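The values are calculated or read from the model by the stated rules, or taken from the named source; none is laboratory data. Everything quoted here is computed from the prediction, not taken from an experiment. Using ideal geometry, Cβ is built from the backbone for each residue, glycine included, and neighbour counts are taken over all protein chains shown. Ligands, DNA and RNA are stripped out before the accessible areas are found, and what is left, the full protein with its side chains, is counted by its heavy atoms. Shrake-Rupley method; radii C 1.70, N 1.55, O 1.52, S 1.80 Å.
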Amino acid sequence: MNVLIVDDEIYAVRTIQRCVDWAAAGVDMVLTAFNAAQAKKMFALHEVDIVITDIEMPGESGLALLGWVRENGYDSIAVCLTCHAEFAYAQEAMHHQVMEYVVKPVNVKHLEEIIVKAAECRREEQMTRAREQKGLLWDHHKERLEREFWESLIDGRQGSPSEMLRLAGQLRIDYDVNEQYRLILFSVHGIADRKEEWREQPDLMTFVIHNISRDLIIRDEDAGKTGWKDLRMWAVLPEKKTGGLYENLESFLDVCRTITGAGMTAYLDAPCFGEELHERYQKLLQRDYENASAAQCVIDCSLPAAGGDDAWELSVDQICGWLSGGDFKSLRQYASAVRDSGYEIGAKERFLAAEEVRREIYRCLERYHIALADFWTNERMELVMRSWQSLPDLMEWVLSVSDRFEEQGTGDGSEREMILRIRAYIGEHIEGRISREQIAEHVNFSADYVSRSFKKETGISLSEYIIREKIARAKELIARGEENIGDIAVRLGYSNFSYFSEVFKRIEGVLPSDYKRRAEVQSRNENI
């Protein structure tokens, strides 16, 4: 295992040479170069497994050197060092397949961890080449193979469930023909900012959006269930993992617009089986073509269109699910659409639907500790009696129930106490990833109810509050000056440095590197 260090500052090279435990990292030879020309000679003389290069060098920069490395077919793992945490540098570094982007002054311990990680990646690449010859490449290409599998379902290249199951078996993909999924189509309708970057580097911008989706919507194990076609991204999520999806989608669209300047519409379909994905995808595409207003919003295509001609079925399970999860916004949208649709069902179906809803109401009353006398007003009792007469009457009752539960949820101090517990939990776990589901489990409420209540009480969404708290903590750590900015980003749960920088700039108006310089100047002035 050979490592090449490239830096025009000799003391920086020597520091890395002396302080890193190369033997522990499994490195056999450490090569050095003090400019790009010397580095190119080293590539000609030796096999370079890892190259650690400064970006700002006289003559040819480190990024230009990496461009030469890739153009000449060298597959060395690259690590960049720089004095400036600029997003433009990070963009170009991604083009050259840079594994890590480290801001100077370098924390030697952190750099040593990066070198160990790079060496492990290099050894894995070498093992992969050996496995490739034996046809055992699945583990290292799982995401790509999964994406091809789901794309074949989206495109309709797999017909029957048995064909899908057979293909999944061949690719060793965990696929259940009886599981239901929700298809989402994201369409880029307009670019408000960064138009030149979208014109010149559309692949980079869609890559950034895809990374943001993995932070806010898509879990790591579902990363292979996404893909791009032109300026539209599709995602297939297991129905059992879509709790609180609506609010997550809204946050995702807001962050994408802030970071990439893209105005996007998200089309959310109803749950379906794998063999139905192609048909559903075509319907979402048609919905996008017909969307003349092209507003940035989430369009729930699972809801029946008011006054529509298409036949649909009353989903009592959906109503009970929204009641149980505290998602009264979706419940009201659905009930209003059904009420105004002109659709009708038989008397027995109405009676059974009302009974199912009534049973769920009693379960919710017990869960939320609401007394029967407080809930059943004279008006509500009259509505429940009329609910058997027609579907619009049944939906009026559902709307009344939804309103009452929401009123009752904010009528005492229990919700304010929950908000305090949420804030305390976020403060205790601010260093690392925090999910809505973790918070909801901590306070013993549904994720939808927690998100809705938090926004009502504080005026901002839960995800935005977490971001602001993380940036506040980042400012404290930067001001201390004990860690570099890259380490702080990782410490706070940001795996993508450029994303962290953009979020920091959105909140504070400056990049983290600029904030650090200001803090250092202020500290020196205070000590004079």
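Results for (1) of a type in the set (Val, Ile, Thr); (2) over 22 Å from the mean Cα position of the chain (by Cα); (3) at pLDDT 90 or above, shown as yes or no for each residue.
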| residue | (1), (2), (3) |
| --- | --- |
| 480 | no, yes, no |
| 484 | no, yes, no |
| 487 | no, no, no |
| 493 | no, no, no |
| 501 | no, no, no |
| 521 | yes, yes, no |
| 524 | no, yes, no |
| 528 | yes, yes, no |
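Filter the stretch 17-29 down to the residues that are touching a strand residue (DSSP E or B) at 6+ places or on another chain (Cβ under 9 Å), open to solvent by 60 Å² or more (accessible area, probe 1.4 Å) and not acidic (Asp, Glu) and list them by number.
Residues of the stretch 17-29 touching a strand residue (DSSP E or B) at 6+ places or on another chain (Cβ under 9 Å): 17, 20, 22, 25, 27-29.
Add one more test, that the residue is open to solvent by 60 Å² or more (accessible area, probe 1.4 Å), and what stays is 28-29.
The answer is 29, and nothing else.
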Of the residues 53, 32, which single one is under 23 Å from residue 204 (Cα atoms), at pLDDT 85 or above and either open to solvent by less than 50 Å² (accessible area, probe 1.4 Å) or touching a Ser or Thr at 6+ places or on another chain (Cβ under 9 Å) (or both)?
-> 53
So which residues in the stretch 489-514 are out of contact with any Asp or Glu (no Cβ under 6 Å at 6 or more places or on another chain), assigned to a helix (DSSP H, G or I) and not hydrophobic (A, V, I, L, M, F, W, C), if there are any at all?
-> 498, 499, 501, 502, 505, 506, 508, 512, 513, 514
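Select from the stretch 503-519 the residues that are at pLDDT 85 or above and small (Gly, Ala, Ser) and write down the one among them that is least open to solvent (accessible area, probe 1.4 Å). Show your work before the answer.
At the first step, the residues of the stretch 503-519 found to be at pLDDT 85 or above are 503-518.
Filter once more, so that each one left must be small (Gly, Ala, Ser): 509, 513.
Details: 509: 53, 513: 8 Å².
My answer is 513.
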Being crowded, with 20+ Cβ neighbours inside 10 Å and either touching an Asp or Glu at 6+ places or on another chain (Cβ under 7 Å) or not hydroxyl-bearing (Ser, Thr, Tyr) (or both) narrows it down to one of 266, 270, so name that one.
-> 266
Of everything in the stretch 170-202 that's part of a helix (DSSP H, G or I) and modelled with pLDDT of 80 or more, which residue is most open to solvent (accessible area, probe 1.4 Å)?
-> 199
The one condition in (1) modelled with pLDDT of 80 or more; (2) in a helix (DSSP H, G or I); (3) surrounded by fewer than 16 Cβ atoms within 10 Å (Cβ to Cβ) that residue 153 fails to fulfil | (3)
Residue 217 passes all but one of (1) out of contact with any strand residue (DSSP E or B) (no Cβ under 9 Å at 6 or more places or on another chain); (2) farther than 15 Å from residue 261 by Cα; which number fails?
-> (1)
Residue list for the stretch 220-263, filter: free of Cβ contacts under 8 Å to residues at least 24 places away in the same chain, in a helix (DSSP H, G or I) and either among the aromatic types (Phe, Trp, Tyr) or open to solvent by less than 20 Å² (accessible area, probe 1.4 Å) (or both) | 222
